[in-house]
Amino acid sequence: MIVVTRLNGSRFAVNPDLIERIQENPDTTLVMVEGTTYVVRESLAHVIGLIADYRALVLATASGLPLMEGQRLSLVPNPADGGGADDDEPDDGADGTGPATPLRPGQR
């Protein structure tokens, strides 16, 4: 969450993943994906900086977490453990790396 300030001085937190766009004309307006708008005191550049800092914090936190038994952070098949293919899922066999990872749910 990022913390921003309304024009009346009250502060609130917003999920930056739900921001569709940010406008500055002259006030900075956050337009959320569901259509809600928030007018804030921070400049467009400052809000973008807050979002970048938040995402950097998420990545830094995630990279420092210990792996739990059986947990894999990569979706890329690991040749050392059999390519990551399930027994009931056919291997594409083209280059020996295992089945392709779908780009979208349900896509193969």
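Viscosity 0.890 mPa s, temperature 25 °C: what is the translational diffusion coefficient of the range 2-62 from Stokes-Einstein with a Kirkwood Rh over Cα pairs, rounded to a whole number of µm²/s? For these conditions, the coefficient is 207 µm²/s.
Taking every C-alpha pair closer than 8 Å and separated by at least 6 residues, the mean separation divided by the residue count of the range 2-62 gives a relative contact order of 28 percent.
Bear in mind that the values in this text are calculations on the coordinates, not laboratory data. Please read all numbers here as calculations on a predicted model, not as lab measurements.
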